[in-house]
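Peer 1: One structure is given below, represented as structure tokens, and several questions about it will come after.
Each reported figure results from applying straightforward, stated rules to the coordinates on display, with no laboratory input. What you see is a predicted model, and the numbers here were worked out from it, not measured in a lab. Here the Cβ is made from the backbone with ideal geometry for all residues, glycine too, and neighbour counts use every protein chain on show.
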Amino acid sequence: MAKSYTLMTPGPVPLPPDVLESLALPMEHHRTPEFEATLARVWQGLKQVFVTDEAVFFHTSTGSGAMESAVVNTLSPGDEVLCVVSGKFGERWAEICDAYGIKVQRLNIEWGKSVTVAQVKAALDANANIKAVLTQACETSTGVLHPIRELAAITAQTPAILMIDAITALGAIAMPMDEWGLDVVIGGSQKAFMLPTGLSFISFSKKAWKLTETSRLPKYYFDLRKEKKANSAGDTFFSSAVMHVRALDVVLKNHLTHGLSSIIDRIQVLSKATIAAAEILGLEIFPEVPSPSLSVLVLPAAVDSQKVRAQMESEYQITVMGGQDQLKGKVIRIGNMGYIRNQDLLKTLDALVACIRKQKPDFSSDEKLKQAKKRALEILTSAPNGASQAN
Ligand SMILES: *Cc1c(COP(=O)(O)O)cnc(C)c1O
């Protein structure tokens, strides 16, 4: 048995018991009638999560695979794009485009800040050749939320499509794809979907589909026109990740039975509880507009967050994330997605304070910690729990 850790990271996330049970079932062939029925249900359920009438596809890849798929299916060599770079994942968009010979115009945003509509509008006004605007909905390295709905209103008036890496947003915030006019929406299994790492989800608007007809970037595994053809016949282009898809079926069933907002509501409540506790403890929230999917807390200047992270894991068996690049050593990132029980958050607060005190013994007070946990629990228990959520 692997050592068991309480997973409080912004992906991968702890899995609900019914997902674990589903993953323990025997392997089945992807061409059985039973599995084909599962596939049909899952495609339908995904459309309800994306809130779209368009087809939703999945790739057997992590989320980054769907980001690559979005690029190779819509663009051609030499095309120009605008990449919103507000952290590590914005860098990833730019790197994928660089790898395929796309001309990248970077819109660099100070870490922790949201991109503004005016910034994107100015960039589009200045360069009529921009074919696509690539951004995150939530930039997981800083915890910031970007105004994707407002950005979509801008790109809608131009030939450019808006590509959203919504890997830590889909299922954590309401973001109806068709209503908001989002052209490409991407999700990942190990985030709000509460599944193991290894599936990615993607859907295209009609405007984005139009580009697939002229796209000349090389593609084979991620060719969505071929995937669409296979899906129309009830199959996947290649072998299906049967175990993952069956687990997805379980999640979607819960999600759809308990109301579409059940997972979103639980994530938002966990976010509110963590933020309220952090404020009582005197810890600042890093992003200007925090995404509910994760809480990014700034530690006191004298405290190295990498050490805190490592000690929480080795001494308390709780895994949280530290900061990356310019935030390395400065912040702790706590995930609010997945099967997180109330007691998991309370234990995390205890461990966080204990590990900060190893470097700064006068940090906060026992009384404040007690208050912080009490407030967090009040928030957690005042809201009805969603779907297969823990409590
Ligand atoms: C997790 C994540 C990804 C995908 O990472 P993979 O390791 O490829 O699954 C992409 N973008 C964001 C914003 C993420 O949080």
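Peer 1: Can you tell me how many residues within the stretch 205-217 are basic (Lys, Arg) and either part of a loop (DSSP other than H, G, I, E, B) or within 16 Å of the ligand (Cβ to nearest atom) (or both)? Steps first, please.
Peer 2: Of the stretch 205-217, the ones basic (Lys, Arg) are 206-207, 210, 216.
Now restrict to residues that are either part of a loop (DSSP other than H, G, I, E, B) or within 16 Å of the ligand (Cβ to nearest atom) (or both): 216.
Result for the stretch 205-217: 1.
Peer 1: Are any of the residues in the stretch 33-45 within 19 Å of the chain's Cα centre (by Cα), within 17 Å of Asp183 (Cα to Cα) and either among the aromatic types (Phe, Trp, Tyr) or away from the ligand (no atom under 16 Å from the Cβ) (or both)?
Peer 2: No; the residues of the stretch 33-45 include none that is within 19 Å of the chain's Cα centre (by Cα), within 17 Å of Asp183 (Cα to Cα) and either among the aromatic types (Phe, Trp, Tyr) or away from the ligand (no atom under 16 Å from the Cβ) (or both).
Peer 1: Let me ask you something else. Among the residues of the stretch 1-27, which ones are more than 16 Å from the ligand (Cβ to nearest atom), surrounded by 12 or more Cβ atoms within 10 Å (Cβ to Cβ) and not in a helix (DSSP H, G or I)?
Peer 2: Within the stretch 1-27, Tyr5, Thr6, Pro16 qualify.
Peer 1: Go through the stretch 52-95 and report how many residues are more than 16 Å from the ligand (Cβ to nearest atom) and either free of Cβ contacts under 8 Å to residues at least 24 places away in the same chain or in contact with a Cys (Cβ under 7 Å, 6 or more places away or on another chain) (or both).
Peer 2: 1
Peer 1: Also: Give the residue that is farthest from Val353 (Cα to Cα), with candidates limited to residues of the stretch 252-276 that are part of a helix (DSSP H, G or I) and small (Gly, Ala, Ser).
Peer 2: Of the residues in the stretch 252-276, the ones part of a helix (DSSP H, G or I) are 252-257, 262-276.
After this cut, where a residue has to be small (Gly, Ala, Ser) as well, the list is 262, 271, 273, 276.
Working: Ser262: 30, Ser271: 18, Ala273: 16, Ala276: 15 Å.
Filtering first and then ranking leaves Ser262.
Peer 1: Would the stretch 243-261 turn up any residue that is in contact (Cβ under 8 Å) with a residue 12 or more places away in the chain and on the phi > 0 side of the Ramachandran plot? Spell out the reasoning first.
Peer 2: Going residue by residue through the stretch 243-261, those that are in contact (Cβ under 8 Å) with a residue 12 or more places away in the chain are 243-261.
In the following step, the residues that additionally are on the phi > 0 side of the Ramachandran plot were identified as 259.
Scanning the stretch 243-261, I find at least one residue that is in contact (Cβ under 8 Å) with a residue 12 or more places away in the chain and on the phi > 0 side of the Ramachandran plot, so the answer is yes.
Peer 1: Go through the stretch 179-192 and give me each residue that's more than 11 Å from the ligand (Cβ to nearest atom) and either free of Cβ contacts under 8 Å to residues at least 12 places away in the same chain or buried (at least 23 other Cβ atoms within 10 Å of the Cβ) (or both). Before you say what the answer is, go through the steps one by one.
Peer 2: So the first thing to find is which residues in the stretch 179-192 are more than 11 Å from the ligand (Cβ to nearest atom), and the list is 179-185.
Hits for the stretch 179-192 are Leu182, Asp183, Val184, Val185.
Peer 1: For Asp98, only one of the following conditions fails: (1) farther than 30 Å from Arg266 by Cβ; (2) away from the ligand (no atom under 16 Å from the Cβ); (3) buried (at least 16 other Cβ atoms within 10 Å of the Cβ). What is its number?
Peer 2: (3)
Peer 1: Looking only at residues in the stretch 28-67 that are exposed (fewer than 13 other Cβ atoms within 10 Å of the Cβ) and out of contact with any Asp or Glu (no Cβ under 9 Å at 6 or more places or on another chain), which one is nearest to Ala241 (Cα to Cα)? So that I can check it myself, show each step before the final result.
Peer 2: Within the stretch 28-67, the first condition is being exposed (fewer than 13 other Cβ atoms within 10 Å of the Cβ), and the residues that meet it are 29, 31-34, 37, 40, 44, 53.
Within this subset, residues satisfying the condition of being out of contact with any Asp or Glu (no Cβ under 9 Å at 6 or more places or on another chain) are 29, 32-33, 37, 40, 44.
Numbers: His29: 10, Thr32: 14, Pro33: 16, Ala37: 15, Ala40: 14, Gln44: 17 Å.
Going through the qualifying residues, I end up with His29.
Peer 1: Write out, first by first residue and then by second, each pair whose Cβ atoms fall under 7 Å of each other, whose residues are 6+ apart or on separate chains, and whose first residue, in the stretch 222-237, is closer than 15 Å to Leu199 by Cβ while the second is assigned to a helix (DSSP H, G or I) and of a type in the set (Phe, Trp, Tyr).
Peer 2: What qualifies is Asn231/Trp43.
Table: residues versus (1) more than 16 Å from the ligand (Cβ to nearest atom); (2) out of contact with any Leu (no Cβ under 8 Å at 6 or more places or on another chain); (3) closer than 25 Å to Ser291 by Cβ.
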{"site": "Ala122", "(1), (2), (3)": "yes, yes, yes"}
{"site": "Lys131", "(1), (2), (3)": "yes, no, no"}
{"site": "Thr140", "(1), (2), (3)": "no, no, yes"}
{"site": "Val144", "(1), (2), (3)": "no, yes, yes"}
{"site": "Ala153", "(1), (2), (3)": "yes, yes, yes"}
{"site": "Ile161", "(1), (2), (3)": "yes, no, yes"}
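Peer 1: May I pose another question? Any idea how many residues of the stretch 68-81 are crowded, with 23+ Cβ neighbours inside 10 Å and under 17 Å from Val120 (Cβ atoms)?
Peer 2: Counting residues in the stretch 68-81 that are crowded, with 23+ Cβ neighbours inside 10 Å and under 17 Å from Val120 (Cβ atoms) gives 1.
Peer 1: Within the stretch 356-370, does at least one residue satisfy the condition of being hydroxyl-bearing (Ser, Thr, Tyr) and loosely packed, with under 13 Cβ neighbours inside 10 Å? Let's see the steps before the verdict.
Peer 2: Residues of the stretch 356-370 that are hydroxyl-bearing (Ser, Thr, Tyr), as a first pass: 364-365.
Retained after the next criterion (residues that are loosely packed, with under 13 Cβ neighbours inside 10 Å): 365.
Checking the stretch 356-370: at least one residue is hydroxyl-bearing (Ser, Thr, Tyr) and loosely packed, with under 13 Cβ neighbours inside 10 Å.
Peer 1: Hey, can you tell me all the residues within the stretch 280-305 that are more than 16 Å from Glu139 (Cα to Cα) and touching a residue at least 60 places away in the same chain (Cβ under 8 Å)?
Peer 2: Across the stretch 280-305, the qualifying residues are Ile280, Leu281, Gly282, Pro300, Val303.
Peer 1: Does Gly171 fit the bill of being buried (at least 18 other Cβ atoms within 10 Å of the Cβ), in contact with a His (Cβ under 9 Å, 6 or more places away or on another chain), small (Gly, Ala, Ser) and on the phi > 0 side of the Ramachandran plot?
Peer 2: Yes; evaluated as a whole, the condition is true for this residue.
Peer 1: Let me ask something else. When the residues of the stretch 30-51 are narrowed to those that are touching a residue at least 24 places away in the same chain (Cβ under 8 Å) and part of a loop (DSSP other than H, G, I, E, B), which ends up nearest to Ser261 (Cα to Cα)?
Peer 2: Within the stretch 30-51, the match that is nearest to Ser261 (Cα to Cα) is Val51.
Peer 1: Across the stretch 277-333, what is the total count of residues that are surrounded by fewer than 21 Cβ atoms within 10 Å (Cβ to Cβ), more than 22 Å from the chain's Cα centre (by Cα) and part of a helix (DSSP H, G or I)?
Peer 2: Qualifying residue count for the region: 11.
Peer 1: Of everything in the stretch 218-241, what is surrounded by fewer than 19 Cβ atoms within 10 Å (Cβ to Cβ) and either assigned to a helix (DSSP H, G or I) or acidic (Asp, Glu) (or both)? Give them in sequence order.
Peer 2: Scanning the stretch 218-241 gives Asp223, Arg225, Lys226, Lys228, Lys229, Ala230, Ser232, Asp235.
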